Amino acid sequence: MPQGDPQVRLAALVACGTRAVIGAVFGSAATAELEYAGRLAGDLRAGTLLGDRNFAAVDLPLRPEH
């Protein structure tokens, strides 16, 4: 029997100046944060600066497909 509260993992793309949420994904805490970050790649636009201490050395697919 599982113990504790259910957990959810959230990754969000937020504009620094306006703090507007550009995109967000969430799901099971068992799924790695980098998987969710990859899903946000489609929300990036030309000229977007992406910064996060956890993703500095990771090769993410950050090229928008459209």
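The values are calculated or read from the model by the stated rules, or taken from the named source; none is laboratory data. Note that the structure is predicted; figures quoted are calculated from it, not measured. Here Cβ is always computed from backbone atoms with ideal geometry, including for glycine, and neighbour counts include all displayed protein chains.
Evaluate region 15-23: report whether one residue or more is modelled with pLDDT of 75 or more, outside any strand (DSSP E or B) and surrounded by 13 or more Cβ atoms within 10 Å (Cβ to Cβ). Taking every residue of region 15-23 in turn, none turns out to be modelled with pLDDT of 75 or more, outside any strand (DSSP E or B) and surrounded by 13 or more Cβ atoms within 10 Å (Cβ to Cβ). Beta carbons closer than 8 Å, at least 6 apart along the sequence or on distinct chains, pair a first residue in region 9-34 that is among the polar types (S, T, N, Q) with a second that is surrounded by 14 or more Cβ atoms within 10 Å (Cβ to Cβ) for S28/R9; T31/R9. Out of all the residues in region 24-47, which are in a loop (DSSP other than H, G, I, E, B) and either at positive phi or within 14 Å of the chain's Cα centre (by Cα) (or both)? Answer for region 24-47, where residues must be in a loop (DSSP other than H, G, I, E, B) and either at positive phi or within 14 Å of the chain's Cα centre (by Cα) (or both): A29, T31, A32, L44, G47. Out of the residues in region 33-50 that are among the aliphatic types (A, V, I, L, M) and loosely packed, with under 12 Cβ neighbours inside 10 Å, which is nearest to L13 (Cα to Cα)? Top of the filtered list is L49. Just checking, does region 27-34 include any residue being at pLDDT 85 or above, among the small types (G, A, S) and touching an Asp or Glu at 6+ places or on another chain (Cβ under 9 Å)? Within region 27-34 (the criterion being at pLDDT 85 or above, among the small types (G, A, S) and touching an Asp or Glu at 6+ places or on another chain (Cβ under 9 Å)), the answer is yes, since at least one residue qualifies. Report whether or not F55 is modelled with pLDDT under 80, of a type outside the set (S, T, Y) and closer than 21 Å to V8 by Cβ. When the stated conditions are applied, F55 passes them.
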